[in-house]
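Worksheet: the structure to be examined is printed underneath.
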Amino acid sequence: MRIPVIAGNWKMNKTAKEAVKLIEEMKPLVANAECEVIVCVPATAIYHVSQAVKGTNIRLGAQNVNAEEKGAFTGEISADMLLEFGVEYVIIGHSERRCYYGETNRTVNLRTQTALNRGLKPIVCVGETLSQRHAGKTEDVLEQQLFESLYGIKNFENTIVAYEPIWAIGTGQTPTAEEANKNISFIRKVIRKLHGDKLADEVRILYGGSVLPSNAKEIFAMSEIDGGLIGGASLKAESFAEIVKSIK
Ligand code: PGA
């Protein structure tokens with residue numbers, strides 16, 4: 001049995017003060033969730049959110065972690081800095097970081113290894129561009145991203161994978177639920193090759209990209225889809241809670 005997950009990716013939104021307000025609004029609405037609820041908040045809000053979620057079912061996540069323990073890496077954040085405030089999850093390799101901040105499969109791999117070694121649970125993102133999709137290359141792209149991003153990882157157990165077609169992020173466009181399910185099933189197949197049956201059956205694979213209260217139920221009804229990584233719709237307590245409620 002894979003416990004479903006709904007993770008909010010707040011991206012570069014919400015000051016610490018706004019973040020606490022959103023958490024307070026969210027708390028009663030997701031208190032009876034039948035899935036794991038995670039919020040991946042901006043670094044500057046981590047401390048405040050860590051206090052605000054104490055004693056609730058909302059788990060704390062970050063949006064990036066550096067592979068190095070410490071040192072001259074201006075602007076970067078280490079695993080220990082996140083762990084200090086009770087961060088449990090961390091998004092790694094989001095397409096916005098891959099596209100705009102030079103993240104590659106190699107850096108995703110190093111960051112994922114560090115996260116796992118330090119006891120953080122990575123949410124590793126993969127997904128194809130629109131032109132790769134049109135060229136019929138989706139499976140090739142996913143396989144290479146997974147192979148290189150997860151290369152040599154021994155303690156894979158606590159990893160979550162998010163399938164996020166880049167063309168669906170923030171665009172209002174989504175693949176059909178069947179197509180998302182098929183691609184996630186393919187991802188599981190690749191993980192089976194890399195990590196064997198047990199871990200492939202256990203790993204939670206999320207769909208992300210324009211999940212809304214209006215389409216969530218259909219997407220999460222799919223057998224291979226274990227939840228969602230939610231961007232825009234996670235910034236309002238009501239829409240996030242509705243998405244959380246759409247999963248059983
Ligand atoms: P979106 O973003 O839900 O706004 O499309 C998803 C994501 O980038 O994780």
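Excluding ligands, DNA and RNA, what is the solvent-accessible area per residue of the chain at a probe of 1.4 Å, expressed in Å²?
Details: 11600 Å² over 248 residues.
In whole numbers, the chain has 47 Å² accessible per residue.
Ordering Y89, Y100 from largest to smallest accessible area (1.4 angstrom probe), what's the sequence?
In descending accessible area the options line up as Y100, Y89.
Please report the relative contact order for the chain, taking Cα pairs under 8 Å with a sequence separation of at least 6, and give it as a percent rounded to a whole number.
Over the chain, the number comes to 22 percent.
Heavy atoms only, probe 1.4 angstrom, no DNA, RNA or ligands counted: give me K137, K198 ranked by accessible area, highest first.
From most accessible down to least: K198, K137.
Would you calculate the separation in nanometres between label points at T44 and A135, each defined as 7 Å from the Cα along the Cα-to-beta-carbon direction?
3.9
In nm, give the distance between the simple-model label positions of E34 and K70, each being 7 Å from the Cα along the Cα-to-Cβ direction.
About 4.7 nm separates the two model spin labels.
Determine, from the Cβ-Cβ distance of M12 and D201 and an R0 of 41 Å, the FRET efficiency 1/(1 + (r/R0)^6), rounded to the nearest 0.05.
0.70
Could you sort out which of K193/K217; K27/K245; K11/K236; K217/K248; K137/K217; K137/K182 sit more than 21 Å apart by Cα distance in this structure?
Numbers: K193/K217 30 Å; K27/K245 13 Å; K11/K236 13 Å; K217/K248 9 Å; K137/K217 28 Å; K137/K182 14 Å.
Distance filter (> 21 Å) returns K193/K217; K137/K217.
When the chain is fully extended, how far beyond the present Cα-Cα distance does K189 get from Y101, taking 0.36 nm per residue of separation?
The K189-Y101 span can extend by a further 28.7 nm.
With a 10 Å radius around each residue's Cβ, average the other Cβ atoms per peptide and rank 157-163, 236-242, highest first.
Per-residue mean Cβ counts within 10 Å order the peptides as 157-163, 236-242.
Between C125, C35, C99, find the one with the highest GNM mean-square fluctuation for the chain; connect C-alpha pairs within less than 10 Å.
C99
Express in Å², to the nearest 10, the accessible area of L83 obtained by rolling a 1.4 Å probe over the protein heavy atoms while all chains stay in place.
For L83, solvent-accessible area is about 60 Å².
Quick check: with the 1.4 Å probe, what order do H134, H94, H195 take by accessible area, largest first?
Values: H134 140, H94 10, H195 40 Å².
From most accessible down to least: H134, H195, H94.
Could you work out the percent of alpha carbon pairs in the stretch 28-123 separated by over 17 Å, rounded to a whole number?
51
The values are calculated or read from the model by the stated rules, or taken from the named source; none is laboratory data. Computed from a predicted model, the values in this text were never measured in an experiment. Don't worry about glycine lacking a Cβ; one is built from the backbone with ideal geometry, like all the others, and counts go over all protein chains shown. Please note that ligands, DNA and RNA were not included when accessible areas were found on the heavy atoms of the full protein model with its side chains. Shrake-Rupley method; radii C 1.70, N 1.55, O 1.52, S 1.80 Å.
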